[in-house]
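One structure below.
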């Protein structure tokens, strides 16, 4: 089985640039309606972005994301957070240690999708 998360974007080019700059993802496929990205170190970990108003997205689901978030586990959450701040991304939560052994921050992508950026730490 293959699992691929796709998020909808209001501005595909802006979202592509955001994810590439923030997380260093590689572009595997790039069109005017869909972009597929992957981890440079684990290319099987893929992430897609689809233009929100594309005909493949049913009209009832062209709304901004809510009730979900996408998690990216990175080597250094502080480094990724610093890039997010430099990019003027909307910060929902600055990095903090969580009870389950992760240090995480929460930011919004350009279309308002909540991102959980985290790194493992020693259990508290």
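The values are calculated or read from the model by the stated rules, or taken from the named source; none is laboratory data. This one's a predicted model, so the numbers in the text were calculated from it and none came from an experiment. Neighbour counts run over all protein chains shown; Cβ positions are idealised from the backbone, glycine included.
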Going by the conditions given, is residue 30 out of contact with any helix residue (DSSP H, G or I) (no Cβ under 8 Å at 6 or more places or on another chain), surrounded by fewer than 14 Cβ atoms within 10 Å (Cβ to Cβ) and at pLDDT 95 or above? no
Can you find even one residue in segment 80-94 that is in a strand (DSSP E or B), under 23 Å from residue 66 (Cβ atoms) and in contact with a helix residue (DSSP H, G or I) (Cβ under 6 Å, 6 or more places away or on another chain)? no
From the residues in segment 63-78 that are in a loop (DSSP other than H, G, I, E, B) and in contact with a strand residue (DSSP E or B) (Cβ under 7 Å, 6 or more places away or on another chain), which one is surrounded by the most Cβ atoms within 10 Å (Cβ to Cβ)? 74
Inspect segment 13-22 for any residue being part of a loop (DSSP other than H, G, I, E, B) and out of contact with any strand residue (DSSP E or B) (no Cβ under 8 Å at 6 or more places or on another chain) and give the result as yes or no. no
